[in-house]
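Inspection log for the structure reproduced underneath, given as structure tokens.
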Amino acid sequence: MQKPPLNPAFAPGLVPGMLVRHPARPQWGLGQVQSAIGDKVSVTFENAGKRVIDVSVIALAPVVEE
């Protein structure tokens, strides 16, 4: 069964290249969105490497470029 496309209520405006932070993991540092499929967003963080975030559970915080 296929998942529906990314739900904008969960991940409004999260697109590849966007910079984000994980609100519960500040030690991970700045992250860059790699892809968004369904409610899963792949992000590469400075100090934690590549992580897949379930945006139906965790709201990533968009960052204005630093």
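The values are calculated or read from the model by the stated rules, or taken from the named source; none is laboratory data. This is a predicted model, so every value here is computed, not measured. Cβ atoms come from the backbone with ideal geometry, glycine included; neighbour counts cover every protein chain shown.
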> Which of (1) at pLDDT below 90; (2) loosely packed, with under 13 Cβ neighbours inside 10 Å is the odd one out, the single condition Pro23 does not satisfy?
Replying inline: (1)
> Just one of the numbered conditions (1) exposed (fewer than 11 other Cβ atoms within 10 Å of the Cβ); (2) β-branched (Val, Ile, Thr); (3) within 11 Å of the chain's Cα centre (by Cα) is not true of Val64; which one?
Replying inline: (3)
>> For Pro12, only one of the following conditions fails: (1) within 11 Å of Leu60 (Cβ to Cβ); (2) modelled with pLDDT of 95 or more. What is its number?
In response: (2)
